[in-house]
Structures are given as structure tokens and as C-alpha cells.
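Student: Here it is: the structure, laid out below.
What follows is calculated from the coordinates using simple rules that are stated; it is not laboratory data. This structure is a prediction, so every number in the text was calculated from the model and none was measured.
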Amino acid sequence: MILCGVCIAMFTLTVLCDVVTRLIGAPWLWLQQVTTAFFAWGVFIGMAAATRRNDHFYLTEITKRMTGRPRNAIEVTNRLIVLVVAVLLVRYGWQNALLDLGSFRMPSLIPLTVYTAIVPVAGALVALFTVEQLVNGWKHGFAGPEDRDDTREAIE
């Protein structure tokens, strides 16, 4: 969560600097590329953090179609689909990041891998957190986002 917050804060700061430097007539052209990198990293790290908190990727359409089935079956199905998608993010994100090693953004000459490397990293984190949820669910029972007691967090 901290890394996600840092990325979004830096995104905001670089946008502010970009606006200020353009207003004073001395734009930093490379700043937009830094802003894009912070945005991409913030979004993908946020995706992984939300998966860890079970706030994201809850497939409601599957839940609707599986009504009448045991709660555990629905939860396992949801998480297995997320796990498959995470593995695909790792596999194809890694291939894309390797391809981008030879490409650079102008005028800063930042390798495109700086932007695309987060995809396999986020996929690995989502996979890790999903496996953690599966193991904890099998040990202690599954609870979906609608079962969580948000009032407890507000009181503490």
C-alpha cells in the first residue's frame, strides 16, 4: 500500500511540476514520461494491493451463475480464474518487457521496459496473494467482499 501511495503521490507531484514548468515557459519534456511511469506503476501496484485486501477482482458474474452452489465452490472458482489471469500477466508481461529493452522513449531515452516491467511484477504479486487467499480460505473458510465487516475498520 505504501508503494502504491508513493507512486500516486509522485504522479501528482510530476504533473504539478509539468504544469508549472510549462506556465513559466521552460517545459521539461522528459517529465511527461516520468509521470506516465509513475501512473502505470501506481495503477498496477494498486491492483496487486487491492487483490491482497480482497477488494478487487471479485467476479460477480460467476457468482450470479453459480447461485445454489456451495459458497466455497464459488470462492475457489473466482480465485482460480484470477490466478489464471495473473499467470498470463506474468508470462506475456515478461515477454513484452524483454521486447521493450531495445526500445526507448524520446527525448529522455528511457527504456520502454521501465513502463512495462510492472505488468509481470503485478501479475506475480496478484498470483501470490491469490494463492494466499486460497490457502487461508481452505484453512479458515472463504469470505467474500460482501461478508466483510467494514464498520470494524472505522471504529479502530
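Student: Multiply the residue separation of Val19 and Val6 by 0.36 nm, subtract the distance between their alpha-carbon atoms, and state the gained length in nm to one decimal.
Tutor: 2.7 nm
Student: I need to check one value: relative contact order of region 2-148, counting alpha carbon pairs closer than 8 Å and at least 6 residues apart, in percent.
Tutor: Worked out over region 2-148, it gives 27 percent.
Student: Give me the tail of P(r) for region 2-148 as a percent: Cα-Cα pairs with distance above 22 Å.
Tutor: 52 percent
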